[in-house]
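A short worksheet on the structure shown next.
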């Protein structure tokens with residue numbers, strides 16, 4: 001096994017299973033209200049509109065603090081930021097057992113969004129400290145697969161709690177559900193403080209040559225971005241980029257479908273197949289389990305081919321069509337479950353590749369802010385989607401019209417991705433990318449090409465990447481004083497790549 005492969009495998013074995021488990025806990029705390037609704041709604045006398053509004057308030061809190069939270073992670077490090085965050089959201093989720101009415105439900109959902117806001121974008125940023133672009137697609141997919149697998153694990157557990165526990169320890173089944181599924185996050189937060197390291201330079205479990213190889217790969221990627229004129233580094237660059245805003249809009253459409261399923265899947269299964277919470281929990285594992293497997297395969301194919309645009313657009317487009325078909329009254333029972341499974345697989349596959357787009361063109365403080373901003377805007381769909389479904393269901397008695405709205409939002413996102421990223425290549429066809437132009441047929445280097453280029457001629461590769469064009473050098477120069485946000489105190493410092501005009505083999 002070569003040095004590069006050994007180094008990244010060691011990083012993956014160390015970080016991804018732990019972050020995967022943490023994301024399962026985060027997502028369960030976010031969406032377990034969908035199962036709790038089956039009992040909580042009648043106990044508290046809530047309408048579907050009240051439930052949908054309260055479930056969606058999580059994302060208002062999420063929106064408010066996501067960018068500041070990501071900047072704080074960049075400043076203080078992942079270990080000291082993610083650990084306390086997990087402890088906080090576990091306690092808030094468990095505190096839902098004290099809800100007595102709509103006001104308390106609204107307050108705790110909003111607070112849960114505030115304390116959990118920095119986790120997902122923080123991990124997306126954290127992974128850029130460890131993996132170069134050509135490896136990041138499959139790694140992100142492995143991490144995000146915790147999203148559907150949280151349904152595989154939480155569905156049966158939630159179903160058992162709701163169906164088999166009655167007034168245990170004086171708690172209603174939905175109260176016990178929040179308690180049992182909230183407290184493990186507290187333990188995971190404590191473990192994070194002891195287990196996670198912030199950067200490869202702090203990883204004592206890597207050998208010196210492995211740390212140097214990872215540092216060299218990341219440094220060369222930064223130089224490549226600057227040469228291609230596709231990289232934004234400063235905090236404000238993220239908000240001045242039209243591409244970032246368009247990505248946020250596209251992600252909003254994806255999340256409209258995602259959270260429509262996440263918060264209403266138990267109710268959909270109850271309406272079409274069975275009223276038994278235990279059976280509902282088991283059936284919910286089918287779409288989530290299929291999605292967890294498919295998205296890793298899908299992202300691996302995207303990494304091998306170096307293609308992102310069609311991988312994202314195709315997944316969203318299929319989800320849009322299947323969501324719209326869900327509104328047909330003739331589709332019920334097992335065909336409805338098959339359709340929901342296809343929709344879930346398509347949405348999760350597109351998400352697995354989506355995050356390779358912004359991380360390809362953003363660096364430094366711009367990456368921290370841009371990733372968080374795209375996720376913030378996109379996840380506002382988590383507010384609108386469940387509220388919209390609840391409102392339509394209260395007014396019409398069914399959710400057929402809601403299916404059409406969710407499907408339409410996914411289709412629009414698919415078209416948006418195809419239009420904005422109509423040129424392939426390292427800049428992904430960004431309209432607002434300065435610097436040299438890339439031919440329309442240019443293809444992002446595949447993993448094999450990247451490794452051969454850097455392994456066969458490492459000194460030349462570093463020199464070529466490090467040597468920017470005069471045009472890009474002029475564009476990089478600025479007379480503005482850099483912000484403290486652009487240069488965090490704990491940012492890793494890599495050895496400067498050799499400079500030369502001619503690379504020699």
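The values are calculated or read from the model by the stated rules, or taken from the named source; none is laboratory data. A quick note: this is a predicted structure, and the numbers were derived from the prediction, not measured. Quick reminder, even Gly has a Cβ in these numbers, built from the backbone with ideal geometry, and neighbours come from all protein chains shown.
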Evaluate the range 242-252: report whether one residue or more is out of contact with any strand residue (DSSP E or B) (no Cβ under 9 Å at 6 or more places or on another chain), surrounded by 24 or more Cβ atoms within 10 Å (Cβ to Cβ), at pLDDT 75 or above and within 18 Å of residue 342 (Cα to Cα). no
Among the residues that make up the range 23-45, is at least one of them modelled with pLDDT of 85 or more, outside any helix (DSSP H, G or I) and more than 26 Å from residue 187 (Cβ to Cβ)? yes
Looking at 322, 305 in this structure, which one is closer than 25 Å to residue 354 by Cβ and either surrounded by fewer than 19 Cβ atoms within 10 Å (Cβ to Cβ) or free of Cβ contacts under 8 Å to residues at least 40 places away in the same chain (or both)? 305
If you go through the range 396-409 one residue at a time, do you hit one that is modelled with pLDDT under 80 and either crowded, with 18+ Cβ neighbours inside 10 Å or under 20 Å from the mean Cα position of the chain (by Cα) (or both)? yes
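Test residue 257 against the stated conditions and say whether it is surrounded by 24 or more Cβ atoms within 10 Å (Cβ to Cβ), at pLDDT 75 or above and farther than 17 Å from residue 151 by Cβ.
Values: surrounded by 24 or more Cβ atoms within 10 Å (Cβ to Cβ): yes; at pLDDT 75 or above: yes; farther than 17 Å from residue 151 by Cβ: no.
No; evaluated as a whole, the condition is false for this residue.
Can you name every residue in the range 186-209 that is assigned to a helix (DSSP H, G or I) and over 22 Å from residue 123 (Cα atoms)? Talk me through it step by step, then tell me what you get.
Filtering the range 186-209 down to residues assigned to a helix (DSSP H, G or I) leaves 186-195, 200-202, 208-209.
Within the range 186-209, 208, 209 qualify.
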Take the conditions within 28 Å of residue 68 (Cα to Cα), in a helix (DSSP H, G or I), in contact (Cβ under 8 Å) with a residue 60 or more places away in the chain and touching a helix residue (DSSP H, G or I) at 6+ places or on another chain (Cβ under 8 Å) and apply them to residue 313. Does it pass? no
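I'd like the residue in the range 132-185 that is part of a loop (DSSP other than H, G, I, E, B) and in contact (Cβ under 8 Å) with a residue 60 or more places away in the chain and, out of all such residues, is nearest to residue 27 (Cα to Cα). If you could, list the steps in order and put the result at the bottom.
First pass over the range 132-185, keeping only residues part of a loop (DSSP other than H, G, I, E, B): 132, 145, 165-167, 169-170, 172.
Retained after the next criterion (residues that are in contact (Cβ under 8 Å) with a residue 60 or more places away in the chain): 132, 145, 172.
Working: 132: 26, 145: 11, 172: 22 Å.
The qualifying residue nearest to residue 27 (Cα to Cα) is 145.
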Quick one: how many residues across the range 385-404 are part of a helix (DSSP H, G or I), in contact with a helix residue (DSSP H, G or I) (Cβ under 7 Å, 6 or more places away or on another chain) and either more than 17 Å from residue 56 (Cα to Cα) or touching a residue at least 24 places away in the same chain (Cβ under 8 Å) (or both)? 13
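Hey, does the range 36-57 have a residue that's under 20 Å from the mean Cα position of the chain (by Cα) and surrounded by fewer than 24 Cβ atoms within 10 Å (Cβ to Cβ)?
From the range 36-57, those under 20 Å from the mean Cα position of the chain (by Cα) are 55-57; that's our starting set.
Imposing the further condition that a residue be surrounded by fewer than 24 Cβ atoms within 10 Å (Cβ to Cβ) reduces the set to 57.
Yes, some residue in the range 36-57 is under 20 Å from the mean Cα position of the chain (by Cα) and surrounded by fewer than 24 Cβ atoms within 10 Å (Cβ to Cβ).
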